Amino acid sequence: MSCNCFNLPGYLKVAKKRKGIIISAIAVSLLLSLIFTAWRAMPPMYLSSCSIKFTSAPGEGGLLNRLLSMPADEIETQQAIMLSHDFLAGVAAKTLLIKPGMRADDPKVNDIIEDLRSRLSVEREGKADILRVKVVDKDPDHALKLAETLSSTLIKDYRDAHDKRLDEVIAHINEEHQATVDKLKAKEEVLERFIRENRLVSIDLEGEALFVKKNEIEGKAGKNNTVLEPELKKVNENIDLHMDKKIEFDRLKMEIESLRNISAFLEKKRQETMIRKAENPDDVRVVTPAQRAALPYNEPDYLKTVLSALIAGIILGLILTIIIEAIDHSAVLIEKLEKELKVRVIGIIPGVEQKDLASGKPDSGKRGGAAPSAEQSIALVTHFAPGTLVSESFRGLRANIQAALHDGKIKSIAVTGSYPGEGRSTVAVNLSIGLAQAGLRTLLVGSDITNPDLAAWFSLDESPGLTDILLGSSQWEETVKTVTEMIIGGMTLDRIMLTPGLDKLNIITRGALPEKQGELLGTKGFSEFLDAVKSAYDIVILDSTPVISSADAATLAAKVDGTIVVYNPAQVSMRALKRTLTQLSRVRSNIIGITLNCVRSGLIPQALREKYARREVRDSEMHAPVKKKNIAKTIIPLAAIIIIAALCWQRDLIFKERTATTVPELVKAPEKALEKKPLKPETPEIKPDDADIPASKAPVGIAVEKSVATEAVDQKQPEVAPGPPAPAETETVFIYQEGRFPYSVYLGSFNSTSQAKRAIDHFAKSGIASFWVKVNLGEKGIWYRVYSGEFTDKEGAEAFINEKAIKDGEIRKAPYAVYTGGFTDRAALEGVASILKENDYSPYIIADENFDNLLNGAFVTKAGAEELSAELNALGIANKVVLR
């Protein structure tokens, strides 16, 4: 049943019709934008900045340059110094932000320093040794003064530190020089004493004289050296003694010379250092001086503000137009039909496309066989895709028809409409399949002689059929077609067996098209045929022609036991529907009810909660003109919410953020371990009807809602009392499977929600999803514990700690939590989660096979969870204390 509800001309007509809403939305958006801008307008802030360059001390290496050279991380060091408390305190004192006489421990002093730090940005320019200092202030002169004071203070402190290092170097050189001088003096005294003791006048001449004397003695002795031998021996001894003195003398002279050289070197370096100190070195300087700002840096961009408000207004107007159209054709439409036309709405069938059928098809991969065509899949949706919403809607229609069949007075039903294209044949076919699936022997008759579809959809031959019966060429028994003819016609057995029940359905097609159609349905033969098939089948469904475009519809409606009118609000006006009902009333047709067809699926949930199986579905498109007087109370607050959301988004475009702020380092507050008491397992309360509701049928929300209308759809209860459906009574059954994940990893405790949220952001950067839990520790006050993960046992938690490399992670058993819903729709889950977050709660998700379960908290005791449950109940949020 293809429903091409979207068409651009239709939407353009709607926009033109409701142009007043669009223009009003634009005007309101512009007005509120200006009001919001004026209300939230920041005072003008002026930016002043300067650049400071650091240069390493030149040199050739050695001790002095090692002591004076710049460390590799000097830029980072200076950056940290400028943001330090002591440095900013000095700057604040110089600029009189801190008044004279204020004590350092005064809380106001700390507030002043933190305010200055929030308005200060210190960044390194690329990889260069340059710091860019930016400061903002309400007064441009004060901003300039702050920038100049910051740069001058940094340069002065840097040079003071440089001079201090120079003084330390000079002191070290003086110490070394004095020690060298003392050693030199001592060595000179030793040499002088050595010369005196040994009476050395000229050690070299004395040695030369000894060698001369030795040579003379050796010359005189000749061959007879016995007489002179004692004298020669004595001379040799004097020579050896003189050599020892010579060696000692030279050693002392060398030591003295070395000490004199060291002393001279140290004196030279001392002079160089003193000269460098006196030179006022240029190793740090301002390369870009601060300038007085002429204009505020946060001046509003009015053009962008107006453009963004204009765009927001147009979008808001279109959204409101669509919402008004949508709401006008959902709850209002049903109420209007039943109140004004005095006719029950017995079915609401959503529009469906081929892509919507994929999730509802049975698994036929193992059976093989060719897949049905797109047209066939949509036309026979209850057979080929029984798990879809449209099939469920047809089962709801079937339930209401079964109620009408209960007394046995209705055995033949004609399905008609106002104009062609409303889906009459599709409704007739799927209603027939649904009745056959419920076990009723069903006959489907193609009585639309001008535009037949049944033969093509069921892979059947058109002839013989109804016209052959009425013209007398065939008996009606000979024209009945079953699954055998479907198989012969090309529908495979695999496709027929996809869903049970098709064997209970018999079909009579239109038959051969006669040359003169005449009023075949008004003949006596048709009445006799109708009486015969009514006695042979439990129910007979006739696919009729439209009432307004064909006289056969009224003729047929007068002969059958009941008539169903198909109404497509996207294509047919209310006036045409009234005309159709009037014509049927003239022939005294028994109108069973109206079936809304091709309704946008986004409108189905509200209608189904009021009428049928309470299922939530996807969004599609639909439009039809209906008055809006009953929805003003809904539209106004909705429009206000959308406008505020759009303006909050726009707020980011109004001012240009240029101030860099520093985020203090995350500090984990210590918390003493709590005494753990043994936990008794808690068995959740289960109502007697819980077992009757399958988890796979659970809708979005905290509970499965079981209604009278849903029970009427169940094949096990086909008999329902006639009359209009009563309001559905619901019972709440919780669906969370408890006691599976009692363990979590404890990451730390904090004494404020802001610190806990910053901790969660911090862990998220490391890929660790976490949540916080508020606990009351009595005298210790309120604390916020941060946990991560949900685990069945300690081994799983330990594996998680190792995988994420969590250093201080602690495994804790916190089995109690507060359950706030099981969801199949992500948007609905995020909606509930956002409400909880807005109220300063930290929800988390435990996913099941069919649901995403939203929980809050992780408590050691049940009392803690009950306290949180009471808070949520006070906010109107449905919940239940569970074992995780």
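The values are calculated or read from the model by the stated rules, or taken from the named source; none is laboratory data. Everything numeric here is computed off the predicted structure, so don't read it as measured data. Cβ sites come from the backbone with ideal geometry, for glycine too, and all protein chains shown count toward neighbours. We work out accessible area using only protein heavy atoms, side chains counted, and drop any ligands, DNA or RNA first. Shrake-Rupley method; radii C 1.70, N 1.55, O 1.52, S 1.80 Å.
Quick notes on this one:
- Segment 479-490, subset part of a helix (DSSP H, G or I) and under 14 Å from Ile508 (Cβ atoms), residue modelled with the highest pLDDT: Thr479
- In this entry, Ser258 passes the filter for residues that are more than 60 Å from the chain's Cα centre (by Cα), without any contact (Cβ under 8 Å) to a residue 12 or more places away in the chain and more than 30 Å from Ser49 (Cα to Cα).
- All positions within segment 430-478 that are in a helix (DSSP H, G or I), open to solvent by less than 10 Å² (accessible area, probe 1.4 Å) and either at pLDDT 90 or above or touching a helix residue (DSSP H, G or I) at 6+ places or on another chain (Cβ under 6 Å) (or both): Asn430, Leu431, Ser432, Ile433, Gly434, Leu435, Ala436
- Segment 50-106 - residue that is among the hydroxyl-bearing types (Ser, Thr, Tyr) and part of a loop (DSSP other than H, G, I, E, B) and, of those, modelled with the highest pLDDT: Ser84
- Listed by first and then second residue, the pairs with beta-carbon distance under 8 Å, at least 6 apart or on different chains, first residue in segment 174-191 and closer than 25 Å to Met274 by Cα, second open to solvent by less than 70 Å² (accessible area, probe 1.4 Å) and among the basic types (Lys, Arg), are Asn174/Arg270; His177/Arg270.
- Residue ID - farthest from Lys145 (Cα to Cα), chosen from residues in segment 92-120 that are of a type in the set (A, V, I, L, M) and open to solvent by 60 Å² or more (accessible area, probe 1.4 Å): Ala104
- Given (1) modelled with pLDDT of 75 or more; (2) in a helix (DSSP H, G or I), index of the condition Pro43 fails: (2)
- Ile323 modelled with pLDDT of 80 or more, over 15 Å from Asn430 (Cβ atoms) and assigned to a helix (DSSP H, G or I): no
- Condition met for Ser359 (modelled with pLDDT under 85, open to solvent by 60 Å² or more (accessible area, probe 1.4 Å) and either closer than 26 Å to Leu431 by Cα or not assigned by the TED database to the domain that holds Ile594 (or both)): yes
- Only residues that are over 47 Å from the mean Cα position of the chain (by Cα) and either without any contact (Cβ under 8 Å) to a residue 40 or more places away in the chain or open to solvent by 40 Å² or more (accessible area, probe 1.4 Å) (or both) were counted in segment 133-173, giving 12.
- Which listed residue is on the phi > 0 side of the Ramachandran plot and at pLDDT below 90, from Gly778, Gly789, Gly822, Gly831: Gly778
- Qualifying positions in segment 750-765 - open to solvent by less than 80 Å² (accessible area, probe 1.4 Å) and either among the charged types (D, E, K, R) or outside any helix (DSSP H, G or I) (or both): Phe750, Ser752
- Identification of strands (runs of 3 or more DSSP E) wholly contained in segment 781-878 with 1 or more residues that are crowded, with 19+ Cβ neighbours inside 10 Å, touching a strand residue (DSSP E or B) at 6+ places or on another chain (Cβ under 6 Å) and polar (S, T, N, Q) yields 782-791, 816-823, 852-859.
- Test result for Glu123, in a strand (DSSP E or B), open to solvent by 70 Å² or more (accessible area, probe 1.4 Å), charged (D, E, K, R) and touching a residue at least 40 places away in the same chain (Cβ under 8 Å): yes
- The lone criterion from (1) free of Cβ contacts under 8 Å to residues at least 60 places away in the same chain; (2) open to solvent by 50 Å² or more (accessible area, probe 1.4 Å); (3) closer than 24 Å to Gly417 by Cα; (4) not small (Gly, Ala, Ser) left unmet by Ile488 is number (3).
- Members of segment 396-429 found to be open to solvent by 10 Å² or more (accessible area, probe 1.4 Å) and either among the basic types (Lys, Arg) or not assigned by the TED database to the domain that holds Ser459 (or both), listed by number: Lys409, Lys411, Arg424
- When restricted to residues that are of a type outside the set (Phe, Trp, Tyr), closer than 24 Å to Gly796 by Cα and in a strand (DSSP E or B), segment 766-780 contains 1.
- Qualifying position, being at pLDDT below 85, assigned by the TED database to the domain that holds Gly347 and open to solvent by 30 Å² or more (accessible area, probe 1.4 Å), among Lys524, Lys559, Lys516: Lys516
- Cβ-Cβ distances below 6 Å connect the following pairs, each with a first residue in segment 299-321 that is over 15 Å from Ala25 (Cβ atoms), a second residue that is open to solvent by 40 Å² or more (accessible area, probe 1.4 Å) and among the hydrophobic types (A, V, I, L, M, F, W, C), and a separation of six or more residues or different chains: Lys304/Leu653.
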